[in-house]
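Encoded as structure tokens, the structure appears first; notes follow it.
The values are calculated or read from the model by the stated rules, or taken from the named source; none is laboratory data. No experiment lies behind these values; they were computed from the predicted model shown. With ideal geometry, Cβ positions are generated from the backbone for all residues, glycine too; neighbour counts draw on all protein chains shown.
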Amino acid sequence: MKVHISATGIHMEADTSTPETAVPSSVPQPKDDFQEELVIRPLHSGDIYASFQFRTLWETDFMRGNKVSHYRLFPKSLGQVISKFSVRELHISFTQGYWRTMQWGQPFLPSPPGAELWVWFQDSVTDVDGTWKELTNVLSGIFCASLNFIDSTNTVQPSASFKPLGIGNVTDHSFLRYATLPREIVCTENLTPWKKLLPCGSKAGLAVLLKSEKLFHSSFHSQAVHIRPVCQDWQCKTTSWELRQTLNVVFDLHTPGQGKREWSLFKMFSRTLTEACPLASSSKIYIDITDNPQGEQFEVSPATPLLSQAMVLGDRRTFSVYDLTQQITFGTVRSLNLLIRWKSRDMLRPLLHGERYVAGYGLQTGEIHTLMYNNHPYRSFPVLLLDSVPWYLRLYIHTLTVASKGKDNKPSYIHYQPSKDRVRPHLLEMLVQLPPNSVTEVTVQFERALLKWTEYTPDPNHGFYVGSSVISSLVPSIVAMDTNSTREQPLFSSFFPCKEESSYFVRVYTEPLLVNLPTPDFSMPYNVICLTCTVVAVGYGSLYNLLTRSFQIDEPSPGLAKRIANIIRKMRGVPPL
Amino acid sequence: MATSEVERRRGQLAALSIAAVVIMVGVPLWWRTTETYRAWLPVSQINELANMQLQLSADVEVVFARGTVTPEQQKKVPLTQTQDEEHTVDENTALRYRYEIRYRTATIMEEDALDQPTAAEADLSLHTLSESPCGSLVVYVIPESSSLLPEDMDVYIGQRRTALLRIGAQMRVGRTVEQLLAHLEPRIKQVLQVMSFSHTDITAALSDRVRLSPGNKESIADSMRAFKSSPGYEITFSLLNPDPKSHRLHWDIEGAVQTYIQPLLTKLAPVANFSLDSQTLYYAMLGVNPRFDSSSSAYTLNSDSLAHVINPVEARLGSNAASSNPVLNFLLYVPDAHHSPLYIHDNKKQEVPSNAFHSPRWGGIMVYNVNGFYRPEAVLPVDININMAKVMGVFLAQLRLLLGVQSSTAPPGFLMAPCGSTGLADWELDRLMWSRSVENVATATTTITSLAQLLDQIGNIVINDNIAEQVSSAVTSLQLAVAELEAGNLGFALQYSKEAIMASERAFFDPSLLHLLYFPDDQKFAIYIPLFLPMCVPILLSLLKIVSEARQKRREKQAKKD
């Protein structure tokens, strides 16, 4: 690249309002704020759950008429997306692996395997489908993912399951689009652009721990971006935009042969912490020590005197807090390397979880079974089940049955949108009451469709993915939940807004399904052409023969005895018979 | 024997009719059903465009002030005069410049305006009297004794579309109208070349069509500096703070853009749409390590390492998500505490006073040192307000360069008015519009002709109707743009040329042209061989047999005759 030195500038009369100063009093209060947080929870299975959350709050209005936008902490690329596509809320997640609710409990932020994207548009958008298509293309460029494969055949408009999480009480679900790509593989190329959105990048703060070679060597990895407008204060006088970047990872350190069950920041991430991001107003590490009040299960070193309690997922949890903005946290060695040593283990069952599988044999029909478990001993609660099934599995909705404890359980609300071939998928949403301590089974039969030969994926014998079902519910809480969303609280406990004290919101994703479709032999078109041509040619050949040959009566050929006799006569010089 | 002869004839007839059916019905049917869809393209018009005769017409009004012509001469002065100038650029491209010069004497109001004490005031009051349309010029010829211009200056070029021309001393006595006009003509032409278009500008604008002869290296570098013509540009200001731990930077970019950049962009609105944004990037490092110069106790970046600065920074800038227009990047780099002060050195190892450089068709970088604020007692991070007037002065100069607003060096004897608050004089805008229209026309014709060539060469690309539509609309817009240039309507010409370029690009980059669902001819034939071979062999054989029999029969007849 060739550069030129411009020696001249245009002389401007100095504007007296912006003198070159170092006086802090003239500095305007920044309207944006950045927080970072890491929660570490030792799981009962012996694994370690680490959840990073980075939150950027910006008091601005993307929908203003003028196009000039000046970004400080908020990433420019996402800001441009919000204002260009008039986005009200955007939630995108990339997940590798399946969250095992039965072994690990509830995650702070649930996400289905593969990629998930759901967007609420502003009601000023006229062509929602066109905007959605363009938006997915732009996002696939930003996140280096195959989101451009989202089209009308895998997009649905859920009527009840996905309500806006920010302010604004929108009920018209024509501005909502939801799509999953269960086949999407998440890797380093998705992590790098995600890290670039952070103000400090991966240069300082908690993000230095995010090294891809360790993060992807884990049982579960999920990274997400959530954008929504939120209230700044209790009365909601001022609103601001919240960008929440989350990364959840479960490390499986309980490998046999290692003997000692010991865990440290360095072992997990191959890095230790030396400083907080200087732009962050708060930078904290929380370690969940609720199940370990006297240190009988594991011990944490270095020990911290700071303890904090937070209401999360209907439970009051106790955390050890390490504040990275305090120099004392790093001690004399100027680096923080948390260490946990395990002593024993036990198990706790989550109140709600779901499972799904395909039953049946052969390549013509099958049955989808969805199991929802309510493990609460005496309370029943309603759940919303959302199923989005691709058009090539033709659901027979009359075979839909919902049964709990062997009895028919009639859903109180069903929203079903049938599929159209090659245009849109099936959408099934229903509200089901789960009796206490029960398993509710939803079954529906389907028939497999034949695809056109260009519609098959590159590896069709692997099977076709069907995205996870989504179970959303307000689960009865053991302790009183905090309904004030603007109060200072750890980031991990403040994502889903809490409307009432007696329950909390949980979203559970089931496994994605892998279904085999009848797969043809892909050299078939050529074979068909060859076969047809040959048949036509044979038929034509005999017809041609019949038409063009001239027929005449031929004398029957002499018999074998006569021919031998003739040969002998010839040898004797006698005229033949 | 007779029956068998009849039978043989019937067989021959059957073979012939089958061959006829196959050739007359089967082959065309097969051909039609396996053909790709190709919409009609205006090929002949495109071929006409490949041979471009571009004519640029400029209107000039020459106004004689009191004391420059006598009443008798005034009657003899022709009303209009047309001058043509032809250039052949290469075998396919020819240029013709037409100057239409109208002569008249000044009105009383204009005389009053010319009586103002300074040239700048005269310029302003002449502008309020009448506004000349885009692309035209008014030259006021003022007497030699006029005090509007300093002694050694002959021409004053104002901020609008007017120029003041002082009549030469040798023209005072004993002159005829012809002599006067002959004296004025070269000077008016000189004014025109400064204020509307010059041959070098126009040939530079044609660079997409015509390979420039490797002549003047400097002028090629000049023409490569500016961005290519585009219907829109994104301007991004980035503040690079590699060390947020030692300084917290505050820049009032919103106010600065309003004050310094927006007036220029408003003025440039007819040329292109602009969108502005800014961002702050933390921990963004330069790609090179600056060298410590112990003599001045400062860090230096010398000119040959500047090229390596941009690439690592660019990875952080991020591409524009919202549009595909070209991006102009302006970076303000505040060096970290351990590497400051930082100065840029030019080729001669001298410090660059503005401490900035630009990269052609990319943007500009300015280094802003804040080491004066690190006092020993200061608590880190130090809060620093950036002086935006200083920064924007540099960025505005770079923006003008990158957009192709050339501050052409004035010929001797020319006095230019300083550009006003908008940062752009009217005639500078005209100059830009002339070269942008020509550039757009050149680019669009190249795109359309190469697309037509490509479609012609690859015979089995599907041409959909929408592509044909885009191509036709591009061709129509191009013809209109050329016609408007010829008529001298600069504004319309630019508008049409922009439409042409957009339509041609849309046609050229249409995804349906890349679609893989077409078969090359050899594969098509290979697939149908199992049908063709068994069908054609008997037909051919029986035809051969018929021919040989006919020949034998003729020979027999010949023999009988003999």
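A few remarks follow.
- Residue, surrounded by the most Cβ atoms within 10 Å (Cβ to Cβ), within the stretch A:261-283, restricted to residues that are in contact with a Phe, Trp or Tyr (Cβ under 7 Å, 6 or more places away or on another chain) and among the small types (Gly, Ala, Ser): A:280
- Set B:160, B:187: member being at pLDDT 75 or above, outside any strand (DSSP E or B) and touching a His at 6+ places or on another chain (Cβ under 6 Å): B:160
- Residue, farthest from the other protein chains (Cβ to nearest Cβ), within the stretch A:76-92, restricted to residues that are under 18 Å from the mean Cα position of the chain (by Cα) and surrounded by fewer than 23 Cβ atoms within 10 Å (Cβ to Cβ): A:91
- Residue selected from the stretch B:351-377 under the condition within 9 Å of chain A (Cβ to nearest Cβ) and over 28 Å from residue B:404 (Cβ atoms), by the criterion surrounded by the fewest Cβ atoms within 10 Å (Cβ to Cβ): B:375
- For the residues B:549, B:499, B:484, the requirement of being farther than 21 Å from residue B:38 by Cα, of a type in the set (Asp, Glu) and within 14 Å of another protein chain (Cβ to nearest Cβ) singles out B:549.
- When residues in the stretch B:48-70 are screened for being without any contact (Cβ under 8 Å) to a residue 40 or more places away in the chain and not acidic (Asp, Glu), 1 of them pass.
- Number of positions in the stretch B:314-350 that are of a type in the set (A, V, I, L, M), over 22 Å from residue B:250 (Cβ atoms) and within 12 Å of another protein chain (Cβ to nearest Cβ): 5
Listed here are the residues, each with its yes/no results for (1) assigned to a strand (DSSP E or B); (2) within 14 Å of another protein chain (Cβ to nearest Cβ); (3) modelled with pLDDT under 80.
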{"position": "A:10", "(1), (2), (3)": "no, yes, yes"}
{"position": "A:14", "(1), (2), (3)": "no, yes, yes"}
{"position": "A:22", "(1), (2), (3)": "no, yes, yes"}
{"position": "A:28", "(1), (2), (3)": "no, yes, yes"}
{"position": "A:36", "(1), (2), (3)": "yes, yes, no"}
{"position": "A:40", "(1), (2), (3)": "yes, no, no"}
{"position": "A:44", "(1), (2), (3)": "no, no, yes"}
{"position": "A:52", "(1), (2), (3)": "yes, no, no"}
{"position": "A:55", "(1), (2), (3)": "yes, no, no"}
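- Looking at A:119, A:125, just one residue is more than 24 Å from residue A:352 (Cβ to Cβ), in a loop (DSSP other than H, G, I, E, B), among the aliphatic types (A, V, I, L, M) and in contact (Cβ under 8 Å) with a residue 12 or more places away in the chain, and that residue is A:125.
- The residues listed here are A:412, A:503; of these, the one that is without any contact (Cβ under 8 Å) to a residue 60 or more places away in the chain, in contact with a strand residue (DSSP E or B) (Cβ under 7 Å, 6 or more places away or on another chain) and of a type in the set (Gly, Ala, Ser) is A:412.
- Within the stretch A:305-337, the only residue that satisfies the criterion of being among the aromatic types (Phe, Trp, Tyr), within 30 Å of residue A:504 (Cβ to Cβ) and over 30 Å from the mean Cα position of the chain (by Cα) is A:322.
- Test for residue A:387: is it in contact (Cβ under 8 Å) with a residue 60 or more places away in the chain and closer than 30 Å to residue A:513 by Cα: yes
- Of all residues in the stretch B:451-467, none are in contact (Cβ under 8 Å) with a residue 40 or more places away in the chain, closer than 30 Å to residue B:432 by Cα and not in a helix (DSSP H, G or I).
- Residue match in the stretch A:533-549 (condition: more than 11 Å from chain B (Cβ to nearest Cβ) and part of a loop (DSSP other than H, G, I, E, B)): no
- Against the conditions (1) exposed (fewer than 13 other Cβ atoms within 10 Å of the Cβ); (2) closer than 30 Å to residue B:442 by Cβ, residue B:70 satisfies every one except (2).
- Residues that are among the small types (Gly, Ala, Ser) and either more than 37 Å from the chain's Cα centre (by Cα) or not in a helix (DSSP H, G or I) (or both) within the stretch B:50-108 comprise B:57, B:58, B:65, B:67, B:94, B:106, listed in sequence order.
- Residue B:50 being more than 13 Å from chain A (Cβ to nearest Cβ), of a type in the set (A, V, I, L, M, F, W, C) and in contact with an Asp or Glu (Cβ under 6 Å, 6 or more places away or on another chain): no
One line per residue, one yes/no per condition, for (1) farther than 25 Å from residue B:233 by Cα; (2) among the aliphatic types (A, V, I, L, M):
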residue: B:399; (1), (2): no, yes
residue: B:402; (1), (2): no, yes
residue: B:416; (1), (2): yes, yes
residue: B:422; (1), (2): no, no
residue: B:427; (1), (2): no, no
residue: B:433; (1), (2): no, yes
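- Scan of the stretch B:11-24 for residues that are within 14 Å of chain A (Cβ to nearest Cβ) and loosely packed, with under 14 Cβ neighbours inside 10 Å, ordered by number: B:13, B:17, B:20, B:21
- Test: residue A:95 is assigned to a strand (DSSP E or B), within 14 Å of another protein chain (Cβ to nearest Cβ) and not aliphatic (A, V, I, L, M): no
- Here residue B:124 meets the list (1) among the aliphatic types (A, V, I, L, M); (2) closer than 24 Å to residue B:417 by Cα; (3) assigned to a loop (DSSP other than H, G, I, E, B) almost entirely, failing just condition (3).
- Filtered residues of the stretch A:149-184 (kept if at pLDDT below 90 and either assigned to a strand (DSSP E or B) or among the β-branched types (Val, Ile, Thr) (or both)): A:167, A:170, A:171
- Here the stretch A:185-219 is the region considered, the condition is being of a type in the set (D, E, K, R) and within 18 Å of the chain's Cα centre (by Cα), and the residue that is farthest from the other protein chains (Cβ to nearest Cβ) is A:189.
- Filter pass, residue A:525 being touching a residue at least 60 places away in the same chain (Cβ under 8 Å) and within 14 Å of chain B (Cβ to nearest Cβ): yes
- Members of the stretch B:225-269 found to be within 9 Å of chain A (Cβ to nearest Cβ), in contact with a strand residue (DSSP E or B) (Cβ under 7 Å, 6 or more places away or on another chain) and under 25 Å from residue B:160 (Cα atoms), listed by number: B:257
- Meets criteria (hydroxyl-bearing (Ser, Thr, Tyr) and away from chain B (no Cβ under 14 Å)) for residue A:152: yes
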